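Undergrad: One structure follows; several queries about it will come next.
Values quoted throughout were computed directly from the atomic coordinates according to the rules given, and no laboratory measurement underlies them. These figures come from a predicted structure and were not determined experimentally. All Cβ positions, glycine included, derive from the backbone under ideal geometry; neighbour counts span all protein chains shown.
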């Protein structure tokens, strides 16, 4: 229990510092990168202090740490370091809240801290698993590697599209984005099934499904697709046609429409 308290304290303290920074900079974009990095750091921390099988703990730390570093690093570079302005989602929230923005953002950062802590719990559970690794765990690692690679491919395709001057103001339809409006979200969600697979055969195999279930709800109905698409419809004239032709989440062949 002490390790969970220490983990939450570290996450909450980091989010509190970031909230104070955004009060001065009026830019909350870094919260996205911090969320992923803090989950990855939590995975490494739990792997170091957990009571489970040493080989399993090492695997948990590597998988969770690499995931957090990849996603957090990508968001840090693409959305924080390369973008001088606040992300449109947070700018809209700031404009809506007006003079109460900093006070309202306290609750937003607190919610992000709680979410990062909760998504770190699968790694805490896996780090406490005393079972030695078996051949079947290789399937979980392969699933993790393939899905994470596909997320990285989707991110790279989007970055390449945005960096091309000819594509300015246009919706990305390259590669995986031809078959899903949010392939990065889809394969990110798929990635989270790697951890229930690692727990398969143990007492936590079914509770571990809570993480991908909660993430699916967040992506489809709360902070993922709804906010992203609302913004896209305002900023990109061709998005409505893309929306009509292309699967929202699960990759599938596009429907006929305007070229």
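Undergrad: Taking 7 Å along the Cα-to-C-beta vector as the label spot, tell me the residue 166-residue 134 distance in nanometres, rounded to one decimal.
TA: Inter-label distance under the simple model: 5.4 nm.
Undergrad: Rounding to the nearest 10 and keeping the result within 0 to 90°, find how far the Cα-based axis of helix 225-235 lies from the longest principal axis of the chain.
TA: The helix 225-235 is inclined about 20 degrees to the chain.
Undergrad: Go ahead and run the numbers for FRET between residue 89 and residue 159, Cβ-Cβ distance against an R0 of 22 Å, rounding to 0.05.
TA: With a Förster radius of 22 Å, E is 0.75.
Undergrad: Then there's this: At a Förster radius of 51 Å, what calculated FRET efficiency corresponds to the Cβ-Cβ distance of residue 142 and residue 25, to the nearest 0.05?
TA: Here the calculated transfer efficiency is 0.75.
Undergrad: Once you have a ≥ b ≥ c as the square roots of the Cα gyration tensor eigenvalues for the range 1-106, tell me rounded if a/c is under 1.5, and otherwise prolate or oblate according to whether a/b is larger than b/c.
TA: The shape class here is oblate.
Undergrad: Now for a separate question. Can you tell me the 0 to 90 degree angle between the C-alpha axis of helix 101-127 and the longest principal axis of the chain, rounded to 10?
TA: 40 degrees
Undergrad: So if R0 is 25 Å, what FRET efficiency would residue 4 and residue 218 give, r being the distance between their Cβ atoms, rounded to the nearest 0.05?
TA: 0.70
Undergrad: So, one more: Output the relative contact order of the chain, whole-number percent, from Cα pairs under 8 angstrom with separation of 6+ residues.
TA: Contact order relative to length: 19 percent.
Undergrad: Under the rule a/c < 1.5 gives rounded, and otherwise a/b versus b/c splits prolate from oblate, where does the chain land using the Cα gyration tensor?
TA: Here the chain falls in the oblate category.
Undergrad: Next up: Quick one: length gained pulling residue 247 to residue 104 fully straight, 0.36 nm per residue minus the C-alpha distance?
TA: The residue 247-residue 104 span can extend by a further 48.0 nm.
Undergrad: If you don't mind, another one. Using the Cα gyration tensor of the range 171-226, with a ≥ b ≥ c the square roots of its eigenvalues, what is the shape: rounded (a/c below 1.5), prolate (a/b larger than b/c) or oblate (neither)?
TA: oblate
Undergrad: Working out 0.36 nm times the residue gap between residue 49 and residue 79, then minus their Cα-Cα distance, what length gain in nm do you get to one decimal?
TA: Using 0.36 nm per residue and subtracting the Cα-Cα distance, I get 7.5 nm.
Undergrad: Counting alpha carbon pairs within less than 8 Å and at least 6 residues apart, what relative contact order, in whole percent, applies to the range 102-218?
TA: 30 percent.
Undergrad: For helix 137-163, report the angle its Cα long axis makes with the longest principal axis of the Cα atoms of the chain; keep it between 0 and 90° and round to the nearest 10°.
TA: The two axes meet at around 20 degrees.
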